[in-house]
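Accompanying notes for the structure given below.
No lab work stands behind these numbers, since they all come straight from the coordinates. These numbers come from a predicted model, not from an experiment. Neighbour counts run over all protein chains shown; Cβ positions are idealised from the backbone, glycine included.
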Amino acid sequence: MKQDIFQAIADPTRRAILTLIAIQALTPNVMAEKFDMSRQAVSKHIKVLQECELIKPEPSGREIYYHFNPKKMQEIDNWLAQFRKIWETQFNQLDKVLSTLKKQKK
């Protein structure tokens, strides 16, 4: 069963893994060294991220390096875009109110 991208990024450990991999492709063993958990626990997080295509495996000899998939993050950005417009509108309205109040005090 394919994982939901939003459930995948809801977990702080998976977000931390994404941050690490965004900087540089890593093996599961290297990732496990960065966290206070077992290699198996990290592997479960990797599996979730891979199932929703946020990371991609690339075999290299006996190792598997996981790479960040920025194209998949576009789904999250697209979803957030609708809220970004609302926030920007509200902030612009607030700026106008504050500007008016500031002018009235002078």
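Values computed for the structure shown
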read-out	value
Those residues of segment 55-83 which are assigned to a helix (DSSP H, G or I) and either within 15 Å of Gln3 (Cβ to Cβ) or touching a Ser or Thr at 6+ places or on another chain (Cβ under 9 Å) (or both), in sequence order	Lys72, Met73, Glu75, Ile76
Output for segment 1-28, where each listed residue is within 11 Å of Tyr66 (Cβ to Cβ) and polar (S, T, N, Q)	Gln24, Thr27
